[in-house]
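Read through the structure below, which is laid out as structure tokens, and then see the notes.
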Amino acid sequence: MLTQLDRPYPEIDRIWAEEARNRWQAYKAGKLETVYYENVMSKQSSCHTCDTRKR
């Protein structure tokens, strides 16, 4: 199963590249709400259910 995760998937790469282009265009056009890095990290660090150290 792990060997399947390491295989390249050109279709998935293409889809993500398209998504990244669309998001960049939306950002440049002012159509995408941005979030400060500090806010994201603060929210993530306070999320107890997201803490992978508990596993």
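The values are calculated or read from the model by the stated rules, or taken from the named source; none is laboratory data. What you see is a predicted model, and the numbers here were worked out from it, not measured in a lab. Cβ placement follows ideal geometry from the backbone for every residue including glycine, while neighbour counts extend to all protein chains displayed. Only protein heavy atoms, including side chains, enter the accessible area calculation; ligands, DNA and RNA are left aside. Shrake-Rupley method; radii C 1.70, N 1.55, O 1.52, S 1.80 Å.
Estimated at the nearest 10 Å², the accessible area of R14 is 110 Å² with a 1.4 Å probe.
Once both labels are positioned 7 Å from their Cα atoms along Cα-to-Cβ, the gap between Y9 and E38 label points is 3.7 nm.
Dipole check for region 1-51: with +1 at the C-beta of Lys and Arg, -1 at the C-beta of Asp and Glu, and the Cα centre as origin, the magnitude is about 240 Debye. Rounded, prolate or oblate: which fits region 1-50, taking a ≥ b ≥ c as square roots of the Cα gyration tensor eigenvalues, rounded meaning a/c under 1.5, else prolate when a/b beats b/c? Note, shape of region 1-50 comes out oblate.
In the complete set of protein chains, residue-level accessible area for L2 is approximately 130 Å², probe 1.4 angstrom.
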